[in-house]
Structure formats: structure tokens, C-alpha cells
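Below is one structure, written out as C-alpha cells; the observations come after it.
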Amino acid sequence: MSVTGYALLIPLSFLVSLALSWVIAKHVRSARLMGVDVHKPDRPRLPKIGGLAFTASYSAAMLLNWLMGGGAVELVLVISPLIAAAIGLLEDLRELHPVIKPLLLLLPGIPVLLLSAYNPYPVIPLVGGIRITLLYPLLVLAAYTVVANAINSVDVLNGSLVLSTLPVLLLLSAVSWLVGEEAPALASLALGASLLGFLKYNWYPARVFSGNIGSNLVAAVITTVAITARIEVITLVALLPHILNEFFIIVSMGGLKSGKAFAARPIRVVRGMIVSSPRPSDPITLVRLITLQNPMGEASVSKRLALLSVYSSMLALITYLIGGVRFR
Amino acid sequence: MKTLLALITVAWVSLIGILIAISTIILPLAQGIESSLAASLLRVSLSLVLFAVWLVWLFELAFYASLKSRRGRSDQK
């Protein structure tokens, strides 16, 4: 991919996402596709399939990239995220069982395995190349469901999905480029640009939600980039806030359970401010811990989630640099 | 916010510690074994055990955060 290609696809992703987000925010009114913004005093109903905008813009950009002479890696960067997004859309339309959803999210890993777009010799910082030919395909399948749940768990406030994943995508793009993997670098940038276009309508006060379609797409792109660029551990470090959040939820809820099935909430909204729940038994989440000492506005909490993500992305960069001697 | 930054730092430092342990203890240990299959099995299984230990450690961090959360609320009362 030439510099001209980058210069064309990245602004294209941004503009298409911006335009489609506007269309969804303005025209989608079907009751089935609307969700309640529970953190606002008047609890407005908003379209919950906003993720469709950046799914379309990202997919179009990466499909063009594949058509311009791409191979297996370029193809899985289109197919796997689309499968994950389709599962997310299904969940947006009807509630999925909390055990069925992780099983369905094994599917995006299948194209990676079928097209052999992975290398079972991952390069681990500080360790070097290791050979796990039998175990690696199983880890590929599991990675999609783990990352999807972790990213979905942070998509709870206006702008939180975009702000908490943009630093990770920029980091993945930079490291992919440094290790000589152009397609994953382009995929990260294309999605970052798409998310920026979407943010205009998702930032506080939001006019549209990303929905599971959006969070699943972001998770699948990050996972596919990590696998195809062979930067699995770097990605793990960058996603530490998301992974810790998922752990907090699993630990405090006593296993994989649907949040909608619980009356208990980690936070409350008092006069437009987010307040940590006073009940010890309520689920522990990053948002609850952030608002523990002082009630905060929704936008402030989203900005703090972004700060955590910037910090973990910096740690990921340090991990790459200190492991660089034996990397590649 | 400071607690969360500290939690992320502790999780990262412990992960780096595990990578160093794999590099300096497990890999040299496996090099001393003549059978390549046995050496490979030892490398993978011990690395997985260490990774599992890291996951358990993350769970412990989650519990710590949970305790801190409860204490924080009761202090405010």
C-alpha cells in the first residue's frame, strides 16, 4: 500500500463514518433499534446501531485495500471483524444467552485459521520466538471472545468506547508499522479514523449509541491486528484497563452473567452526576472505581477512561521497546 | 484514579516479571532435556502455569479493588 493509498483510505473512512452516523442519528426511529440513555435525567431513546456506521466505513476501506492486491491477511482484516459485527447486530436485535454469546464469538477466529493468516510462532517480548503449533489455533479462537467481552464491558457511557480504544488503535498501528506489517497498521488507522467520525454523534450528549455491533467490530479488529502483526503481548498490555474491568465484573458478579438480568447497578445517576453505588454487593467496574470518591459528569468519566487507556498504551510501547532486542 | 493507575502498573510489572521468569528460568531448564518433545512440553506447560498464576493475580487485584471500593464507601458514611 502506497502513501497515496493511506492518504485516500483513511480520510474516506472518516468521512463515510461521519455521514452514516448522521444518517443513523437522524433517521433511525424503529422501536426495536432504539435504546435508553439511562445516565440522562430525561432518559432519552437513541438509535443503538450507530456501530453500523463505522462498521461500513472500515469494511469499505479494508475491502478496497484487499482489492488493490491484498492477500490472506488483508482478507481476514475484512471478514473476521464483519462476522463479529454481525453477531453484535444479532445481539442488538435480540437478547443472547450469556453462555451462547461467547460461543458465537469463537466464529470470527475461523477465517484466520482457514486462511492460515496466523503464525504459530508468536514473538514474546523478553522471551523471543516460541513454537506453539497445537495451542495457538485454540488461543486464536478464544482471543476473539475474551477481547469482545472486555471491550464491550467498557462501552457504557457516551464516548467511552471510542475514547478508550483510540489510544490502543494508534499504538497498534505504530507497532505494526515498526515490525513491518503494513496491512494491520492500515486497519488500525482506518478504524481509528472511522471512530473519530462516529464520535461527533456519540460524544456527550450522545445522539447515537455504538451498540454491540460497534464494540464487537472494534474488538475483532484489535484481535485480528494482534494476530496478523504478531504483537499479541503488546496488545494484551494495551488492553489492561479493559481486561481488568472484565475481571472486576466477573469476580464481583460471580461468573459470566448478563448485566441486564441483574437489578444491582455499579453506579447511580443523581442530578445528572454519576455516583458510585453505596451497596457493597453491587458489581465492581472501572466506572464505579473512578467515581468512588467524587460524583462526576458522564463526559469526565469517559475522559478518565481515555487517560487509563493512554497510560496502558504507553506501557505497551515500553514493553515493545524493552523486548525489542529479541523482537523479530 | 490513583488506585486504578496503580492496579494497571502492578498488573503490567507482574506480567513483565513472568516474561523474565520464562526467559531466565524455564527456557534454560528445558534446554537441558535431550528429547525435543519433552523439552517442548515442559516449556509450554510451565509457561502456561505461570500465565495462569498471572491471571489468578489479576483476580486478586480485582478483589483488592472491590475491598477498597467497600471501605471507601463506608469511610464516606
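The values are calculated or read from the model by the stated rules, or taken from the named source; none is laboratory data. Worth saying up front: this structure is predicted, and the values here are computed from it rather than measured. Neighbour counts run over all protein chains shown; Cβ positions are idealised from the backbone, glycine included. Just the protein is used for accessible areas: all its heavy atoms, side chains included, with ligands, DNA and RNA removed. Shrake-Rupley method; radii C 1.70, N 1.55, O 1.52, S 1.80 Å.
Quick notes on this one:
- Of all the criteria given as (1) at the interface with chain B (Cβ under 9 Å from one of its Cβ atoms); (2) outside any loop (DSSP other than H, G, I, E, B), the one not satisfied by A:LYS200 is (1).
- Helices (runs of 4 or more DSSP H) wholly inside segment A:82-168 containing at least 3 residues that are at pLDDT below 90: A:100-104
- Some residue of segment B:50-58 being more than 22 Å from A:PHE247 (Cβ to Cβ) and facing chain A (nearest Cβ under 10 Å): no
- Residue within segment A:50-69 that is over 30 Å from A:LEU114 (Cα atoms) and either of a type outside the set (D, E, K, R) or open to solvent by less than 20 Å² (accessible area, probe 1.4 Å) (or both) present: yes
- Just one of the numbered conditions (1) closer than 23 Å to A:ARG304 by Cβ; (2) within 14 Å of chain B (Cβ to nearest Cβ); (3) modelled with pLDDT under 95 is not true of A:GLY255: (1).
- Condition met for A:ASN216 (touching a Lys or Arg at 6+ places or on another chain (Cβ under 9 Å), among the polar types (S, T, N, Q) and farther than 15 Å from A:LEU157 by Cβ): no
- Residue within segment A:129-137 that is at positive phi, open to solvent by 10 Å² or more (accessible area, probe 1.4 Å) and not β-branched (Val, Ile, Thr) present: no
- Residue among A:THR55, A:THR133, A:THR145 that is within 14 Å of chain B (Cβ to nearest Cβ) and either within 16 Å of the chain's Cα centre (by Cα) or β-branched (Val, Ile, Thr) (or both): A:THR133
- A:ALA183 being open to solvent by less than 20 Å² (accessible area, probe 1.4 Å) and under 14 Å from the mean Cα position of the chain (by Cα): no
- The listed residue being out of contact with any helix residue (DSSP H, G or I) (no Cβ under 7 Å at 6 or more places or on another chain), open to solvent by less than 30 Å² (accessible area, probe 1.4 Å) and of a type outside the set (Phe, Trp, Tyr), out of A:LYS40, A:LYS101: A:LYS40
- Restricting A:ARG288, A:ARG230, A:ARG265 to residues that are modelled with pLDDT of 80 or more and either farther than 29 Å from A:ALA86 by Cα or out of contact with any strand residue (DSSP E or B) (no Cβ under 9 Å at 6 or more places or on another chain) (or both) narrows the list to A:ARG288.
- Residue within segment A:117-128 that is away from chain B (no Cβ under 14 Å), without any contact (Cβ under 8 Å) to a residue 60 or more places away in the chain and open to solvent by 20 Å² or more (accessible area, probe 1.4 Å) present: no
- Screening A:ALA183, A:ALA193 for residues that are in contact with a Phe, Trp or Tyr (Cβ under 8 Å, 6 or more places away or on another chain), assigned to a helix (DSSP H, G or I) and touching a residue at least 40 places away in the same chain (Cβ under 8 Å) leaves exactly one candidate, A:ALA193.
Okay, residues lined up against (1) open to solvent by less than 40 Å² (accessible area, probe 1.4 Å); (2) within 14 Å of another protein chain (Cβ to nearest Cβ):
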| position | (1), (2) |
| --- | --- |
| A:GLY214 | yes, no |
| A:LEU239 | yes, yes |
| A:ILE267 | yes, yes |
| A:SER276 | yes, yes |
| A:ILE290 | yes, yes |
| A:MET296 | yes, yes |
| A:ARG304 | no, yes |
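- On the stretch given as segment A:241-251, residues that are aromatic (Phe, Trp, Tyr) and either open to solvent by 10 Å² or more (accessible area, probe 1.4 Å) or more than 8 Å from chain B (Cβ to nearest Cβ) (or both) total 1.
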